[in-house]
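Accompanying notes for the structure given below.
Each reported figure results from applying straightforward, stated rules to the coordinates on display, with no laboratory input. A quick note: this is a predicted structure, and the numbers were derived from the prediction, not measured. Reconstructed Cβ throughout: ideal geometry from the backbone, glycine too, with neighbour counts over all protein chains shown.
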Amino acid sequence: MKRRDFFASLGVTAVGLPFLPSALAEQTSTSAVAVGRVVVVGGGMAGTTVAKYLRLWGGTGVDVTLVEPNATYYSSIFSNMILTGERTLSQLSFNYAILTSKYGVKVQNYSVKSIDPIGKKVTLSNGSSLPFDRLVIAPGIDFEALPLSGTATNKAKIVHAWKAGAQTLSLQSQIKAMTSKDTFIVTIPPSPYRCPPGPYERACVVADYLKRTKGGGKVIILDANSKIQAESQNFTTAFNVTHKGIITYVPNAQITGINADTMSVNTSAGTFSGKVINAIPTHKGADLITKSGIGLANSPDSKWAGVNVLSYESTAVPFIHIIGDSAATTQPKAGHIANAEAKVCADAIIQYFKGSAINQSPITNSSCFTPITKTTASWLSVVYRYDPATRTMVATGSGVTESDGATSENHEDMLKWFTNLMSDTFK
Ligand SMILES: Cc1cc2nc3c(=O)[nH]c(=O)nc-3n(C[C@H](O)[C@H](O)[C@H](O)COP(=O)(O)OP(=O)(O)OC[C@H]3O[C@@H](n4cnc5c(N)ncnc54)[C@H](O)[C@@H]3O)c2cc1C
């Protein structure tokens, strides 16, 4: 697919405009005034966007408090580029100053410890409580424990770096210390996991880095899944052509043990050793979701929150909405879709506060750009529409579209896409 076709598939003519689902723009025109209190839990891609748009579209009658323990948010998007030295953590840092100064969102730097769905209040880590009319939970993901053995010092070297922060810097320094004779192992958990193309992207940029700066090296991808989970055409080319001789892709490799002393990984596809082991554990909805039992009743499994995708209201508990990676939907766990879900949710809450009907045909979209080398990137794009028969979001047209290879033009577009997505979320 060519670049202009990509933008046509999103219904836009320039980079950066696809962040407003068109169906939403039409439906926020009723004259009633929205009045109500919303507490938003989690200031990541989903939570920050919903807090901003509740105020932007709902006006001053909608009282919004964002609860987030950290004053700084580090973007996981683009964090693979920290591993190869093309970005610093501070270049991927965002804060909530504009959310407060421009939109009037109140921010409390604590974590939410418990939820009282009957009394409609949350308790924060400082012991205080916040009442709500509607609660939006957007705490992202947590991980299952890895079957890890070894000394405490050696075990500390096995990081996931799947939430940008200290682990990203640890992995960066481990990769930097590699030589052309060393092997980097990345393990991919069973789906669903955050950012379907992300681990394959990581393998590509690390392979490119080793080739450019060390004169060679090996990258082994141990995938618990039976096949590549996203952009299979582009990644197959990347593994077999662009990074031929460096990347080895191993499907059906479920981890049974990781020995941090011998730096080896036992899997259902054999045992592999490396200088650096980047183990990405099996995902689950964030602890707040699993511990509080919110939304689990109708979830496909017990790890994620079941939601009605017309409003992202929990299928188990009324007045509580779950957006972003913690929600169980047919859409990918990705920052772009988290931003889109947040807008559908914000609009629905505003309509509820107005006493109006909510939109019955929401549209969301997701785009993901993937650096394949330092200067080239590929992408995938998909638009979802609500299907009343299945009550799910269904991919439109031919489903997920991927770019025709990795190009420098895509790489330029990727930089603009990121700037626009993060501006739409934090500014
Ligand atoms: C390497 C990598 C590359 C990626 N690349 C892309 C990409 O190219 N495109 C894309 O669309 N997506 C990408 N993603 C995925 C994207 O980062 C996530 O899907 C997105 O961040 C999910 O948003 P979220 O709001 O659900 O969670 P997060 O952004 O993780 O935010 C969750 C927030 O909740 C807070 N929180 C947690 N618990 C509590 C609590 N109890 N109380 C209060 N706050 C709490 C956390 O501190 C955090 O700030 C990538 C991810 C990785 C790891």
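Worth pointing out:
- Ranking of His160, His243 by count of other Cβ atoms within 10 Å, fewest first: His160, His243
- Each residue in Glu86, Glu313 was given a count of other beta-carbon atoms within 10 angstrom of its own, and listing them fewest first yields Glu86, Glu313.
- Each of Phe272, Ser180, Gln254 was scored by the projection of its Cα onto the charge dipole of segment 145-281, and the greatest displacement toward the positive side belongs to Ser180; charges sit on the C-beta of Lys, Arg, Asp and Glu.
- Given their separation in residues at 0.36 nm each and the Cα-Cα distance between them, Lys374 and Ser361 gain 0.7 nm when the chain is fully extended.
- Here the chain is assigned +1 on the Cβ of each Lys and Arg and -1 on the Cβ of each Asp and Glu. Its dipole about the Cα centre then comes out at about 720 debye.
- Cα-based shape type of segment 97-137, given that a ≥ b ≥ c are square roots of the gyration tensor eigenvalues and the cut on a/c is 1.5: oblate
- Computed label-point distance, nm, for sites Ala32 and Thr236 using a 7 Å Cα→Cβ extension: 5.3
- Sorting the segments 235-242, 46-53, 385-392, 77-84 by their mean number of nearby beta carbons within 10 angstrom, highest to lowest, gives 46-53, 77-84, 235-242, 385-392.
- When only Cα pairs below 8 angstrom with a gap of at least 6 residues are kept, the chain shows a relative contact order of 20 percent.
- Among Glu412, Glu231, a tally of other beta-carbon atoms within 10 Å of each Cβ gives an order, fewest to most, of Glu412, Glu231.
- Taking the Cα centre of segment 246-388 as origin and assigning +1 to Lys and Arg Cβ atoms and -1 to Asp and Glu Cβ atoms, the resulting dipole is close to 220 debye.
- Estimated from the Cβ-Cβ distance and a Förster radius of 30 angstrom, the FRET efficiency linking Glu412 and Gln91 is about 0.95.
- Taking other residues whose beta carbon is less than 14 angstrom from the beta carbon of Leu310, and scoring Lys, Arg as +1 and Asp, Glu as -1, yields -1.
- Environment charge at Thr100 (Cβ cut-off 14 Å; Lys +1, Arg +1, Asp -1, Glu -1): +3
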